[in-house]
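Reading through the structure tokens given below for one structure.
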Number of protein chains: 2
Amino acid sequence: MTSIEMIVAARARLQGTVRRTPLLSSPFLDEVAGRRLFVKAECLQHSGSFKFRGGWSALSGLDQSVRNGGVIAFSSGNHAQGVALAARLHGVPSLIIMPSDAPRLKIDNTRAFGAEVVLYDRMNEDRDAIGARLAEERGLTLIRPFDEPLVIAGQGTVGLEIAEQADEEGVTDSEVLVPCGGGGLSSGIALALEASAPGFRVRTCEPENFDDTARSLVSGNYERNSVMTGSICDAILTPEPGKLTFPILQRLAGKGIAVTDEEALRAMALAFKRLRIVIEPGGAVALAAALFHSDVLESDTVIAVASGGNVDTEIFAAALSRFG
Amino acid sequence: MTSIEMIVAARARLQGTVRRTPLLSSPFLDEVAGRRLFVKAECLQHSGSFKFRGGWSALSGLDQSVRNGGVIAFSSGNHAQGVALAARLHGVPSLIIMPSDAPRLKIDNTRAFGAEVVLYDRMNEDRDAIGARLAEERGLTLIRPFDEPLVIAGQGTVGLEIAEQADEEGVTDSEVLVPCGGGGLSSGIALALEASAPGFRVRTCEPENFDDTARSLVSGNYERNSVMTGSICDAILTPEPGKLTFPILQRLAGKGIAVTDEEALRAMALAFKRLRIVIEPGGAVALAAALFHSDVLESDTVIAVASGGNVDTEIFAAALSRFG
């Protein structure tokens, strides 16, 4: 179970390796949102997303002998790159199992970080079986993408930075909107803010039709998504909330928010124009919620996490040509 | 004459207002450059370029009674936005004279920051005459884009940050590549580094055929560009080096580097993919020099300033489609 002490310890391990990403803002975006809006630009993190924090936290937290045996991870792309880069910087091998329809950039980057990439067919192959076999054959240690206390602790360091940076801006009360797949980032941030900025409250943001966390928060049960394809927000399409992450969100998060793919693309185009950062669709859902769902927000200030920026050129160019 | 004391004083006035922009890097870019490469992302600055520093430095350095009378500036766009935003934050009026063929985004943003914008025809109208008349009629104070000690001091704060951030990365010797129009940014950085990081040396970067500073550094005289149009690097097309800036560069800068428009566009596409930042053509010439002219560089580490990110959507999309 992840605690604030684990998050603080993760920050110490990440010190000097992780990038303290900036908290950006623009008067033009404030106007669209109808309130003060800050964007925590984790797309500027090493490997292009917050996932490097969790990957580094997990690898640096392993016993050296275990770590030296190498690690394995399943991921459509951002966890893949985060773990691959963390493994490379630790000088240990990594094997990443990725769906064959993952964005090309994410597959290429994972390989370029030195990982061995095994692709599987999401429709016809059993990822877990492939992973279990390879892990056993080679003695690799599995780094789970979100249901892993050290990973949640690493992602929680984003929350510690938000608390500090918001304080520098004079912000003491705010909703903190976080893109949510399995809930590692949102639960980690929620734990960090509970301890360091009690006037802040996390709200999870998901793509429409993939709002398993929002629905689960309402019903109190684990609600599953009925489909697994059909959104461009590849980074955050998970079947249901995590076993470790959901209880944390249930205790600490406000009501979830769902946005359309079109809203995510519009948010990407506005971030390009007003913040000069590149966000991928799944990483833009929190900014989209802040900009286009302001009716469901309550605080005078809102902070949106831009969680990743690994987007294929064609998708980004399409966002610009439709909404730029 | 700008001194290090003036730069330090400008930093104190900018404190709490200016953004300390991150020093970014990517192993993929290191590979292209053949050395360690850092990018100082001033495109993430308020108003989208370093020009906000100089604008704020100049306005905050005026006597209050003078400032309250309002300011006037000439600019194709980034100085315009920097001065307009600084004026708005000081609560004083600004009038900006811009060429009618300036990028649409820059004209729109300058107006949105509350400035009165007067457009002129670069081919047939005399900008200085228009400005002199309006300044006199309304009692406005001219904020020069580069030949103004307080402006150079403000831009020099970029150099102080580079020195600190490079030190955090363990870098003690580096060439610092800086996009150069009139030379306000490069001369300010050179002065700051002379005092705070003597192992660093500025090198100016310009578009091919607009390398008046590079040629002037070679000849020791003020060399003019023979043309004023024909490059997409709108932000840094100036006829000749500045009267205050050039002597500083002559004393402190290394040999200048010229890059093609195509190289600038390729650098923009790589910054999109590897750093997830948006750079405009003129702001990308230093990164282009670092990536594609590594044969003329001498240091093991190079720092490139990405000076601005105010680019029209069409140009950016074209860079991605050609080189993404």
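The values are calculated or read from the model by the stated rules, or taken from the named source; none is laboratory data. If you're wondering where the values come from, they're calculated on a predicted model, not measured in any experiment. Using ideal geometry, Cβ is built from the backbone for each residue, glycine included, and neighbour counts are taken over all protein chains shown. SASA here: full protein model, heavy atoms, side chains in, ligands and nucleic acids out. Shrake-Rupley method; radii C 1.70, N 1.55, O 1.52, S 1.80 Å.
Structure summary
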quantity: From phi via Karplus (6.51, -1.76, 1.60), per-residue ³J(HN,Hα) for segment A:3-16 in Hz, x at Gly/Pro; calculated: 10, 4, 4, 5, 5, 5, 5, 4, 4, 4, 5, 7, 3, x
quantity: Residues in segment A:90-113 that, when all protein chains are in place, have 10 Å² or more less accessible area than the chain alone would give (probe 1.4 Å); calculated: A:L105, A:N109, A:A112, A:F113
quantity: Segment A:125-230 pair-distance distribution - Cα-Cα, 10 Å bins, rounded %; calculated: 14, 33, 31, 17, 5, 0
quantity: Interchain or long-range residues, amide H under 5 Å from B:L119's placed H; calculated: B:M98
quantity: Sorted largest first, extent of segment B:40-94 alpha carbons per principal axis (Å); calculated: 35, 19, 13
quantity: Carbon + sulfur, % of accessible area of segment B:52-142 - ligands and nucleic acids excluded, 1.4 Å; calculated: 46
quantity: Solvent-accessible area lost in complex, 50 Å² minimum, residues of segment B:7-50 relative to chain alone, 1.4 Å; calculated: B:R19, B:F28, B:L44
quantity: Given charges at Cβ of Lys, Arg, Asp, Glu: segment B:52-142 dipole, positive-most of B:V118, B:N78, B:A129; calculated: B:N78
quantity: ³J(HN,Hα) computed for each position of segment A:286-295 - Karplus, 6.51 cos²θ - 1.76 cosθ + 1.60, integer Hz, glycine/proline x; calculated: 6, 5, 4, 5, 5, 7, 10, 10, 5, 5
quantity: Over segment B:199-260: Rg over Rh, Cα atoms, Kirkwood Rh; calculated: 0.95
quantity: Long-range HN-HN contacts of B:S299 with modeled amide H, under 5 Å; calculated: B:E175
quantity: Per-residue HN-Hα couplings for segment B:133-140 [Karplus 6.51, -1.76, 1.60; θ = phi - 60°; Hz; x = Gly/Pro]; calculated: 5, 5, 4, 5, 3, 10, x, 8
quantity: Label spacing, shortest first and in nm, from A:A132 to its equivalents in the remaining copies (7 angstrom along Cα→Cβ); calculated: 8.5
quantity: Theoretical ellipticity at 222 nm over the protein assembly as shown - DSSP helices of four or more residues, -39500 (n - 2.57) apiece, nearest 500; calculated: -14000 deg cm²/dmol
quantity: Reference-scaled alpha-carbon Rg (2.2 N^0.38 Å with N residues) for segment B:11-107; calculated: 1.31
quantity: Estimated FRET transfer efficiency (B:T172, A:V227; beta-carbon r; R0 56 Å; 0.05); calculated: 0.55
quantity: Cβ-vector label at 7 Å, B:G170, separations to other copies in nm; calculated: 4.1
quantity: Cα Rg over Rh - the protein assembly as shown, Kirkwood; calculated: 0.99
quantity: Radius ratio Rg over Rh of segment A:125-186, counting only Cα atoms, Kirkwood formula for Rh; calculated: 1.21
quantity: Residues whose placed amide H lies under 5 Å from that of B:F200, excluding near-sequence neighbours; calculated: B:S174
quantity: GluC sites (Glu not before Pro) restricted to DSSP loop in segment A:58-162 with at most 16 other C-beta within 10 Å; calculated: A:E125
quantity: Shielding by other protein chains, B:71-82, mean Cβ within 10 Å; calculated: 0
quantity: Paramagnetic reach from A:D108 (point 7 Å along Cα→Cβ, amide N under 20 Å) across segment A:48-75; calculated: A:48-49, A:75
quantity: Label point 7 Å beyond Cα along the C-beta direction, distances from A:D101 to other copies (nm, shortest first); calculated: 4.8
quantity: Proximal charge balance of A:P241 [Cβ under 11 Å; K/R count +1, D/E count -1]; calculated: -3
quantity: For residues of B:275-282, the mean tally of beta carbons on other chains within 10 Å; calculated: 5
quantity: For segment A:14-66, convex hull volume per residue from C-alpha positions, Å³; calculated: 88
quantity: Projected-area average for chain B over all orientations - Cα convex hull basis, square nanometres; calculated: 14.8
quantity: Volume of the Cα convex hull of segment A:52-142, divided per residue and given in Å³; calculated: 74
quantity: Overall Cα dimensions of segment B:177-324, principal axis frame, Å, largest first; calculated: 41, 35, 26
quantity: For chain B, accessible area per residue (1.4 Å probe, heavy atoms of protein chains only), Å²; calculated: 35
